[in-house]
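Worksheet for the structure shown next.
The values are calculated or read from the model by the stated rules, or taken from the named source; none is laboratory data. Predicted model, so just to flag it, every value in this text is computed and none were measured. Reconstructed Cβ throughout: ideal geometry from the backbone, glycine too, with neighbour counts over all protein chains shown. For accessibility, only protein heavy atoms count, side chains too; no ligands or nucleic acids. Shrake-Rupley method; radii C 1.70, N 1.55, O 1.52, S 1.80 Å.
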Amino acid sequence: MPSGETSIRTVEVGGQRLRIAIRAGDNERWPLLLLNGIGANLELLQPFVDALGGGIETIRVDLPGTGESPAPTIPYRPSGLAKLLARLLDRLAYPEVDVLGISLGGIIAQQLARQYPKRCRRLVLVSTGTGAIMVPGWPSVLALMLSPRRYRDPAHMAEIAPQLYGGRLRENPELAATHGNAIRSGGSLGYYWQLLGVTGFTSIHWLHRLRQPTLILSGTDDPIVPLINARIMARLIPNARLHVFDDGHMGLLTSAGTLAPVVRRFLTAEEVPEVRATIETASST
């Protein structure tokens, strides 16, 4: 497949059907596996993929119960999803990849990096935390996440997006509408299975064991995962750098033009020198 072209298909891995989208690269760089947030289909990552530019092959996945990947019989724990993704990489003949996870996808990315360290070269964690043991968002905001209604009703998504996601979505209703129109609901069962699957999970006691160079991206106005969580993670992961941006929980998408170059530089650098919690602050406006 020529570089820059995208192929979307469904594959079966261990009895689980997964819808995937692969944008071909130039075979000179490591592929990038992209893991989305709770209930989110792979199309929602399109603004970031477009802004990332050519050369880097990307693999997007509708996780079980999202988009067009059917819900499993029972919920997957993060360890089970990591195993499923490792088997998917086997199926696609990717021995080693870079991994980017946003929100819930960031939790799964942490688990994948820990469980299969030789499969994950570099790690990018976006708008995410350590799971059950973390500084929570506002209760009124977290309550909005208990229902998958926003994934079935674009008008409802546009209504609650400013409060739920913060950042540029507070001031720009058109962004919320665009986000809502890209949603493909996987159904209520898949959403609740994802919530149940991460209940009680925490990575806080083993993040110090991760050895992958790690880029942590966090917004200054994230109502779901407050910035303090990114600062904690940057202190716990031995070779981590924190990039703070002026946007909200969905900043990777709503500020893709600003953040994609940051991610690209991190992934394409010949060497990532070992650091201890380097912190960069940049405006995404």
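Placing +1 at every Lys and Arg Cβ and -1 at every Asp and Glu Cβ, with all other atoms neutral, what dipole size does the chain have around its Cα centre, in debye to the nearest 20? Don't jump to the answer; show the numbers that get you there.
On the way: 29 positive and 24 negative charges, 193 e Å.
Charge dipole of the chain: 920 debye, to the nearest 20.
Can you pull the percent of region 133-285's accessible area that's carbon plus sulfur, 1.4 Å probe, other chains left in place? Mind dumping the intermediate values first?
Details: 4140 of 7170 Å².
Roughly 58 percent, rounded to a whole number.
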Stretchable slack from LEU142 to ILE228, in nm (0.36 nm times residue separation minus alpha-carbon distance): 29.3 nm
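Under 8 Å for C-alpha pairs, at least 6 residues apart: give me the relative contact order for the chain, rounded to a whole percent.
Across the chain, relative contact order equals 19 percent.
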Which label in (i) 76, 47, 31; (ii) 81, 74, 31; (iii) 43, 42, 37 gives the computed Cα extents along the principal axes in Å: (iii)
Of all accessible heavy-atom area on region 1-58, the percent that carbon and sulfur account for (1.4 Å): 44 percent
Cleavage-rule hits, GluC sites (Glu not before Pro), region 1-54, DSSP coil, Cβ neighbours within 10 Å at most 14: GLU5, GLU28
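Tell me the net charge near PRO2. Cut-off is 11 Å between Cβ atoms, PRO2 excluded, with +1 for each Lys or Arg and -1 for each Asp or Glu.
Numbers: positive: ARG23; negative: GLU5, ASP26.
Charge balance in the 11 Å sphere: -1.
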Karplus-derived HN-Hα couplings along region 132-143 (A = 6.51, B = -1.76, C = 1.60, θ = phi - 60°), whole Hz, x at Gly and Pro: 5, 9, 7, 7, x, x, 5, x, 5, 6, 4, 4
For the chain, share of DSSP beta bridges that run antiparallel, in % to the nearest 5: 35 percent
Cut-off 11 Å between beta-carbons: net charge of the residues surrounding GLU43, Lys and Arg +1, Asp and Glu -1: +1
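So, counting K/R as plus one and D/E as minus one, what does the shell of residues with Cβ under 13 Å around ASP221 add up to? Display every interim value, and only then the final one.
Details: positive: ARG168, ARG170; negative: GLU171, ASP222, ASP246, ASP247.
My count for the surroundings of ASP221 gives -2.
Taking the solvent-accessible surface of protein heavy atoms with a 1.4 Å probe, what is the per residue accessible area of the chain in Å²?
Working: 11790 Å² over 285 residues.
Spelled out: the 1.4 Å probe surface of the chain, per residue, equals 41 Å².
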